[in-house]
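Data first, discussion second: the structure below is written as structure tokens.
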Amino acid sequence: MNTFDSFRRRAQQALFASLPDHIDRLTWDRPRIVAAQRDRCRALLAVAKERSSFHRARLAGLNPDTFELDDLARVPVMTKAEMMDAFDDVVTDRRLTRAVVEQAIAATTTEPVPVAGDYVVLTTGGSTGRRGFFVFDPAAFATFGATLMRAAMARAAAASGGPPTGVRIAMVAAASPIHATGAVPCILAGSPMEFVPVPVTRPLAEIVNRLNDIGAPLLYGYPSVLAQLAAERRAGRLHIAPVSVTATSETLRPDLRAAITAGFGVPLANVYGSSEGLVGASAPDEPSLVFADDTCIVELVDEDDRPVPPGMPSSSILVTNLYNQAQPLIRYRIEDRFVAAPATTGDGHLRADVEGRAADVLRFDGRDVHPHVITTRLANAAAVVDYQIRQVTGGVVVDVVAPSGLDAPGLAADIRHGLGAVGVVDADVMVRPVPSLPRDPRTGKLALFVPLAS
């Protein structure tokens with residue numbers, strides 16, 4: 001048995017053993033979640049102070065034994081740049097050096113290459129900025145996987161009267177297991193939950209043929225690709241009839257949601273799964289995500305890292321991962337804009353909408369322009385299937401995938417008018433029809449916004 005086979009076996013055993021408990025956690029009320037957060041944060045802080053010189057300095061003055069959640073605000077914010085610069089001092093296992101992790105990533109092809117036999121590595125940010133490395137031991141990956149799966153498993157069990165077995169899912173996502181959507185199919189191979197990978201980096205016609213051959217009853221994928229597949233289904237080239245569709249790993253924009261729902265005619269769920277370990281999932285056709293804040297503390301903050309109330313968009317979120325003690329992430333900044341929903345009378349989990357990344361905001365001569373100024377106009381153009389917005393000096397270039405019927409000059413004029421309405425006068429706007437958009441060759445993710453090169 002090679003090192004990855006051993007890792008996979010241990011991760012699967014831990015994941016499926018823990019699923020009943022994770023399904024039960026979906027009903028936890030707020031006091032129970034808060035109590036679990038406090039106890040697990042105390043354990044995390046104790047390990048971080050003892051084994052990580054990076055965190056020992058940041059946590060000076062905090063006593064893990066008497067820690068309360070209100071004390072978390074005293075801990076400095078942790079950024080990706082700081083984490084990567086001090087990686088060897090952040091981790092709590094001395095075998096996990098940045099050099100060794102880099103070697104494992106470079107050696108990865110069709111399946112993960114475990115570090116020291118005990119850790120798989122996920123990466124983030126490679127297509128749009130500095131990469132981050134995140135290591136998971138089998139128990140941590142089992143928790144990550146359980147939080148990704150538990151809501152869907154609970155719905156399936158309620159519908160069938162028991163836990164599902166022999167479930168086959170087509171996963172149209174990352175080509176490489178350094179991304180979560182590429183790692184999950186590898187780690188769950190041979191289990192009762194079979195994810196069949198279909199890399200998004202392949203040509204669309206090849207993806208369609210592969211899905212037709214698989215014929216899986218469940219379909220997961222990046223929403224930008226699911227929308228194209230919905231169009232292929234309407235055109236009669238994609239013949240599958242999934243009973244449910246789940247979007248993951250990219251912002252599920254309203255236009256994409258509408259296109260996917262219209263094309264497949266089945267309920268659409270949404271999953272937020274970050275390489276940092278935070279997971280959220282929506283019920284079918286529900287816009288808001290329910291986050292697994294029994295496993296990660298999530299703080300919604302403004303530009304000055306002050307808490308924002310429900311209904312107000314955050315500038316970013318600060319995540320404290322409570323289950324990954326090998327690489328403690330404590331108040332780690334993720335540049336996503338969340339809008340929390342008011343508390344409900346049901347379970348006590350955080351409910352929020354994800355509006356994209358803070359880095360997506362375009363800046364013209366010191367003026368911030370919300371991406372909705374442009375994206376709403378693209379969403380209203382029926383011919384547009386997908387797009388990428390590239391900021392250039394004095395304006396934007398918008399590459400659009402539109403099989404037919406695109407009025408590029410009219411769309412450019414509409415975008416120019418919208419920018420003018422928010423104070424960006426006489427912007428240069430070019431709309432270019434393209435057959436496809438560039439994706440990261442390993443993760444398959446698409447950068448929706450490309451900022452002006454400095």
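The values are calculated or read from the model by the stated rules, or taken from the named source; none is laboratory data. It should be emphasised that the depicted structure is a prediction, and the values quoted were computed from it without experimental measurement. Cβ atoms come from the backbone with ideal geometry, glycine included; neighbour counts cover every protein chain shown. Keep in mind that these areas ignore ligands, DNA and RNA; they rest on the heavy atoms of the full protein, side chains included. Shrake-Rupley method; radii C 1.70, N 1.55, O 1.52, S 1.80 Å.
Report the residue count in region 336-352 for those that are touching an Asp or Glu at 6+ places or on another chain (Cβ under 8 Å) and of a type in the set (A, V, I, L, M, F, W, C).
Total satisfying the criteria: 4.
For V90, are the conditions met, namely being out of contact with any strand residue (DSSP E or B) (no Cβ under 6 Å at 6 or more places or on another chain), over 29 Å from P114 (Cα atoms) and surrounded by 17 or more Cβ atoms within 10 Å (Cβ to Cβ)?
No: the conditions fail for V90.
Out of all the residues in region 194-210, is one or more part of a helix (DSSP H, G or I), charged (D, E, K, R) and modelled with pLDDT of 90 or more?
For region 194-210, residues part of a helix (DSSP H, G or I), charged (D, E, K, R) and modelled with pLDDT of 90 or more: present.
So for region 191-198 (the condition being surrounded by 21 or more Cβ atoms within 10 Å (Cβ to Cβ), out of contact with any Pro (no Cβ under 8 Å at 6 or more places or on another chain) and more than 25 Å from S6 (Cβ to Cβ)), does at least one residue qualify?
Within region 191-198 (the criterion being surrounded by 21 or more Cβ atoms within 10 Å (Cβ to Cβ), out of contact with any Pro (no Cβ under 8 Å at 6 or more places or on another chain) and more than 25 Å from S6 (Cβ to Cβ)), the answer is yes, since at least one residue qualifies.
Report, by residue number, each residue of region 380-399 that is closer than 26 Å to V225 by Cβ and either open to solvent by 60 Å² or more (accessible area, probe 1.4 Å) or touching a Pro at 6+ places or on another chain (Cβ under 6 Å) (or both).
Across region 380-399, the qualifying residues are N380, A382, R390, Q391.
Tell me yes or no: at least one residue of region 401-411 is open to solvent by 30 Å² or more (accessible area, probe 1.4 Å), of a type outside the set (D, E), at positive phi and in contact (Cβ under 8 Å) with a residue 40 or more places away in the chain.
Checked against the condition, which is being open to solvent by 30 Å² or more (accessible area, probe 1.4 Å), of a type outside the set (D, E), at positive phi and in contact (Cβ under 8 Å) with a residue 40 or more places away in the chain, region 401-411 yields no hits at all.
Find all pairs meeting these conditions: Cβ atoms under 7 angstrom apart; at least six residues apart or on different chains; first residue within region 232-256 and more than 20 Å from D386 (Cα to Cα); second residue assigned to a helix (DSSP H, G or I).
Pairs found: H239/N212; I240/L211; I240/N212; P242/F264.
Hey, can you tell me all the residues within region 58-85 that are in a helix (DSSP H, G or I) and closer than 18 Å to L318 by Cβ?
Residues satisfying the conditions are R58, L69, D70, D71, L72, A73, R74, K80, A81, E82, M83, M84.
State which residue is most open to solvent (accessible area, probe 1.4 Å) when the search covers only region 412-437 and only residues that are assigned to a loop (DSSP other than H, G, I, E, B) and touching a strand residue (DSSP E or B) at 6+ places or on another chain (Cβ under 8 Å).
Within region 412-437, the subset assigned to a loop (DSSP other than H, G, I, E, B) is 422-427, 434-437.
Cutting the leftovers down to touching a strand residue (DSSP E or B) at 6+ places or on another chain (Cβ under 8 Å) gives us 422-424, 427, 434-437.
Values: V422: 60, G423: 34, V424: 14, A427: 4, V434: 36, P435: 123, S436: 78, L437: 27 Å².
Per the criteria, the residue is P435.
Counting only residues that are part of a loop (DSSP other than H, G, I, E, B) and in contact with a strand residue (DSSP E or B) (Cβ under 7 Å, 6 or more places away or on another chain), which one in region 284-304 is nearest to M149 (Cα to Cα)?
Selected residue: A292.
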